[in-house]
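Student: Before I ask anything, here is the structure I am working with.
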2 protein chains.
Amino acid sequence: MASMKDVAKQAGVSISTVSRYINGTVYVEPETKRKIEKAIEETRFQPNYIAQGLRNKKTQIIGLVVPESLSASFTDFVRYIALITEQNGYELIIRYVKDDPEVEKAVMLKLLRYQIDGIIFIRVSDKSQVEELAKKFDRPIVCMMRGNINEKIPSVVLNNYKVGEIVANLLVRFHHTKIVCITGNQNVAVSRERLSGFIDNLAKNDIVLPKENIFEGHFTYESGIDAIDYFISQNIDFTAVWGSNDLMAIGAMNRLQQYNLSVPKDVSVVGVDNTAIAHMLNPPLTTIAQPIEEMCKAAVELLLSLINPIQGTTIVDRIVFEPSIVLRGTLLPIKTNEEMMI
Amino acid sequence: MASMKDVAKQAGVSISTVSRYINGTVYVEPETKRKIEKAIEETRFQPNYIAQGLRNKKTQIIGLVVPESLSASFTDFVRYIALITEQNGYELIIRYVKDDPEVEKAVMLKLLRYQIDGIIFIRVSDKSQVEELAKKFDRPIVCMMRGNINEKIPSVVLNNYKVGEIVANLLVRFHHTKIVCITGNQNVAVSRERLSGFIDNLAKNDIVLPKENIFEGHFTYESGIDAIDYFISQNIDFTAVWGSNDLMAIGAMNRLQQYNLSVPKDVSVVGVDNTAIAHMLNPPLTTIAQPIEEMCKAAVELLLSLINPIQGTTIVDRIVFEPSIVLRGTLLPIKTNEEMMI
DNA sequence: GTGAAAGCGCTAACAA
DNA sequence: TTGTTAGCGCTTTCAC
């Protein structure tokens with residue numbers, strides 16, 4: 001690998017002139033320019049980012065920390081973030097971590113030693129103390145997917161309350177009244193917000209969701225299965241299941257079919273996430289989508305704007321995205337009495 | 001961020017002594033040791049990897065280049081590689097790239113500027129000229145998933161011929177004779193190898209696979225759908241479909257059901273990959289699994305052994321892993337005449 | 001407009 | 001065993 005020294009020698013100029021030419025910091029004579037260009041060509045010189053990083057204290061690298069357990073839901077996030085990072089001329093160091101504040105802290109410290117310019121955290125757990133971490137870390141941090149707990153940290157999030165609201169209104173519009181719900185861990189703000197949105201908006205339509213109709217799962221396929229087993233064992237009568245992520249909805253759907261209940265004829269199913277699998281199911285899953293690409297773009301750009309602040313710009317530090325509905329085959333309206341008459 | 005200088009001052013020793021203590025290169029007096037330890041504690045010193053990298057020309061970072069198009073199949077690979085990389089004390093820079101040799105070259109050059117210690121390429125396309133790239137790149141490269149084309153490059157691969165062989169023998173054992181097959185792009189060695197293994201081993205059992213019974217897809221869900229449309233439009237009679245990846249098999253499965261053909265009663269379906277989705281389908285998909293975690297481990301360790309060669313060790317540079325079968329609900333034996341009599 | 005020189009944080013050869 | 005020094009490749013004052 002040729003260095004600036006080589007280029008300088010080849011071009012018969014000083015190293016600093018080469019540097020200035022490369023960075024366009026000051027005007028260089030056209031002749032010198034030409035000589036340097038030629039020398040760069042000949043030596044196939046490429047600036048060394050590590051040396052630049054040491055000098056500038058900016059490495060053009062950002063870190064992405066993803067919870068190991070939820071990797072299935074976040075694959076698209078990883079890809080988009082990688083793509084957008086790259087489009088902005090940065091590289092991305094990725095880390096999958098356990099849901100453990102100590103581990104998170106260790107990872108941050110390690111990444112700090114690489115002098116990375118900032119970190120995107122994908123976090124749902126309430127446990128991680130991102131705000132506290134951010135204080136120790138003297139570089140920008142952006143948090144994604146985090147529920148609205150009392151932390152002041154630049155964030156990109158989904159309107160999780162709205163998720164529940166949309167599903168509730170949808171089921172109401174389709175005349176469902178006997179409803180069960182599979183939530184995620186209630187010690188996680190995201191889950192709580194989704195559930196409140198759901199309960200509140202059912203209530204607005206005079207539907208009360210009994211405690212027994214709520215099953216607390218762990219966002220896994222197996223939770224969906226367990227939930228149905230539970231509802232059936234409790235002799236709960238229902239025509240609609242909402243799983244607060246796709247995985248649980250899919251588990252539920254398959255279990256229902258094993259009980260010889262048809263989806264959607266006997267029971268409608270709705271998920272959340274619009275994972276790649278959702279449309280491949282039979283019937284394809286009705287679900288709530290989040291604008292993943294836009295969210296990733298927002299997160300990367302937010303982070304970069306924190307890394308390279310532009311004068312006179314005020315930075316919004318909590319960007320909320322709205323969920324949208326994806327109607328597919330697992331949802332059917334309940335026939336009302338009137339319709340039944342026809 | 002405290003530097004060695006700070007530690008040295010605090011401890012009243014020279015910078016090099018601190019360095020030597022940190023790296024354990026030579027013996028240091030217990031007293032000095034203690035002073036340094038205390039100073040490190042107080043300053044919260046952490047060695048700067050960028051400075052070390054500049055000096056040592058090793059950054060403790062490796063790169064992972066993944067084809068953008070196939071991201072769905074490779075999510076597990078990314079996660080395992082990240083995990084294993086981390087266990088070995090390295091960081092991982094990830095890049096998703098288009099299937100285009102020019103882009104690949106550009107990415108390599110860019111990563112080279114970061115002085116990364118090596119690259120793992122996940123490549124299936126024949127187009128990418130990894131061997132040529134490796135020559136320009138003066139650091140180790142390990143290639144994964146690549147078909148056996150005439151390139152000398154350290155690789156970790158699946159025995160793709162064996163994949164076809166296993167499926168062929170399985171179908172034969174289950175008395176299927178009317179078989180159709182959805183292959184991946186035939187300009188890709190991986191696809192060709194899988195297909196040869198399949199055809200050869202059917203032939204060994206006196207089953208010829210007519211050209212019309214082979215549909216060339218692109219490893220996508222849609223290809224599976226198209227394939228079934230094609231077979232049906234051609235009035236081809238079949239009791240088993242092999243899709244050379246899960247996505248295509250799933251597409252086929254769903255399309256069959258839309259034609260009111262039952263899987264597996266009317267038609268058996270077999271995939272390849274054992275993706276996370278496979279067991280969530282109804283019925284769950286019979287498929288061929290590759291030992292992903294082991295393969296990732298092998299790839300990372302192979303790369304690291306190239307980065308840090310150990311004297312007297314010879315490095316195997318093509319590691320082949322064997323596929324295995326995952327029997328699930330989409331495969332049923334054909335009743336033989338004898339059995340029909342009973 | 002360009003060059004010389006110092007320094008980012010670290011390691012390693014050379015002395016002592 | 002420890003300190004001094006040079007240098008990895010780059011940027012940026014400070015002269016001229």
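Student: Which of the residues that make up segment A:264-279 are open to solvent by 10 Å² or more (accessible area, probe 1.4 Å) and more than 14 Å from the chain's Cα centre (by Cα)? So that I can check it myself, show each step before the final result.
Tutor: As a first pass, look at segment A:264-279 and keep what is open to solvent by 10 Å² or more (accessible area, probe 1.4 Å): A:264-266, A:273-277, A:279.
Once the filter is applied, which keeps residues that are open to solvent by 10 Å² or more (accessible area, probe 1.4 Å) and more than 14 Å from the chain's Cα centre (by Cα), segment A:264-279 yields A:Pro264, A:Lys265, A:Asp266, A:Ala276, A:Ile277, A:His279.
Student: Among the residues of segment B:17-29, how many are within 11 Å of DNA strand C (Cβ to nearest atom) and either farther than 15 Å from B:Phe45 by Cα or in contact with a Ser or Thr (Cβ under 7 Å, 6 or more places away or on another chain) (or both)? Outline the logic, then answer.
Tutor: Taking segment B:17-29 as the starting set, the residues that turn out to be within 11 Å of DNA strand C (Cβ to nearest atom) are B:17-26.
Subset that is either farther than 15 Å from B:Phe45 by Cα or in contact with a Ser or Thr (Cβ under 7 Å, 6 or more places away or on another chain) (or both): B:17, B:24-26.
Number satisfying all stated conditions: 4.
Student: Have a look at B:Ile153, B:Ile232, B:Ile228 and point out the one that is open to solvent by less than 60 Å² (accessible area, probe 1.4 Å) and assigned to a loop (DSSP other than H, G, I, E, B).
Tutor: Values: B:Ile232 fails: assigned to a loop (DSSP other than H, G, I, E, B); B:Ile228 fails: assigned to a loop (DSSP other than H, G, I, E, B).
The match here is B:Ile153.
Student: Which residue, of B:Ala72, B:Ala11, B:Ala2, is over 30 Å from B:Gly271 (Cα atoms), at pLDDT below 95 and either away from DNA strand C (no atom under 12 Å from the Cβ) or acidic (Asp, Glu) (or both)?
Tutor: Values: B:Ala72 fails: over 30 Å from B:Gly271 (Cα atoms); B:Ala2 fails: either away from DNA strand C (no atom under 12 Å from the Cβ) or acidic (Asp, Glu) (or both).
B:Ala11 is the lone residue from the list that is over 30 Å from B:Gly271 (Cα atoms), at pLDDT below 95 and either away from DNA strand C (no atom under 12 Å from the Cβ) or acidic (Asp, Glu) (or both).
Student: To continue, here is another question. Filtering segment A:237-263 down to residues that are under 29 Å from the mean Cα position of the chain (by Cα) and open to solvent by 20 Å² or more (accessible area, probe 1.4 Å), which residue is farthest from the other protein chains (Cβ to nearest Cβ)?
Tutor: A:Arg255
Student: Please work out which one of (1) away from DNA strand C (no atom under 16 Å from the Cβ); (2) over 24 Å from A:Asn245 (Cβ atoms); (3) modelled with pLDDT of 95 or more is the condition A:Arg95 fails and give its number.
Tutor: Checking A:Arg95 against (1) away from DNA strand C (no atom under 16 Å from the Cβ); (2) over 24 Å from A:Asn245 (Cβ atoms); (3) modelled with pLDDT of 95 or more, the one that fails is (2).
Student: Of the residues B:Ile94, B:Ile84, which is touching a helix residue (DSSP H, G or I) at 6+ places or on another chain (Cβ under 6 Å), among the aliphatic types (A, V, I, L, M), over 16 Å from B:Ile141 (Cα atoms) and touching a residue at least 24 places away in the same chain (Cβ under 8 Å)?
Tutor: Working: B:Ile94 fails: over 16 Å from B:Ile141 (Cα atoms).
Only one candidate passes the filter, namely B:Ile84.
Student: So, in segment A:17-46, of the ones that are within 25 Å of A:Asp117 (Cα to Cα), more than 14 Å from every other protein chain (Cβ to nearest Cβ) and of a type outside the set (Lys, Arg), which residue ends up nearest to DNA strand D (Cβ to nearest atom)?
Tutor: Just the residues of segment A:17-46 that are within 25 Å of A:Asp117 (Cα to Cα), to begin with: A:19-25, A:45-46.
Subset that is more than 14 Å from every other protein chain (Cβ to nearest Cβ): A:19-21, A:23-25.
Next cut, of a type outside the set (Lys, Arg) only: A:19, A:21, A:23-25.
Working: A:Ser19: 3, A:Tyr21: 9, A:Asn23: 5, A:Gly24: 10, A:Thr25: 6 Å.
The selected residue is A:Ser19.
Student: Next up: Need a quick list: strands (runs of 3 or more DSSP E) entirely within segment B:47-128 having at least 3 residues that are open to solvent by 10 Å² or more (accessible area, probe 1.4 Å) and more than 7 Å from chain A (Cβ to nearest Cβ). Spell out how you get there, then give the answer.
Tutor: Details: elements: B:61-67, B:91-97, B:118-122.
No strands (runs of 3 or more DSSP E) qualify here.
Student: When segment A:287-340 is examined, which residues are found to be open to solvent by 70 Å² or more (accessible area, probe 1.4 Å) and in a helix (DSSP H, G or I)?
Tutor: Result: A:Glu293, A:Glu294, A:Lys297, A:Glu301, A:Asn337, A:Glu338, A:Glu339, A:Met340.
Student: Please work out which residue is most open to solvent (accessible area, probe 1.4 Å), limiting yourself to segment B:174-214 and to residues that are among the charged types (D, E, K, R) and within 15 Å of B:Asp126 (Cβ to Cβ). Explain how you work it out, then say what you get.
Tutor: Start the filter on segment B:174-214 by keeping residues that are among the charged types (D, E, K, R), which leaves B:178, B:192-194, B:200, B:204, B:206, B:211-212.
Among the residues that remain, those that are also within 15 Å of B:Asp126 (Cβ to Cβ) are: B:192-194.
Numbers: B:Arg192: 90, B:Glu193: 41, B:Arg194: 15 Å².
Among them, the one singled out is B:Arg192.
Student: Let me ask something else about it. If B:Phe219 passes every condition in (1) free of Cβ contacts under 8 Å to residues at least 60 places away in the same chain; (2) in contact with a helix residue (DSSP H, G or I) (Cβ under 7 Å, 6 or more places away or on another chain) but one, which one does it miss?
Tutor: Unmet condition: (1).
The values are calculated or read from the model by the stated rules, or taken from the named source; none is laboratory data. Since we're looking at a predicted model, the values are computed, not measured. We place every Cβ from the backbone using ideal geometry, glycine too, and count neighbours over all the protein chains shown. The protein model used for the area step is the full one, side chains on, heavy atoms only, and it has no ligands, DNA or RNA in it. Shrake-Rupley method; radii C 1.70, N 1.55, O 1.52, S 1.80 Å.
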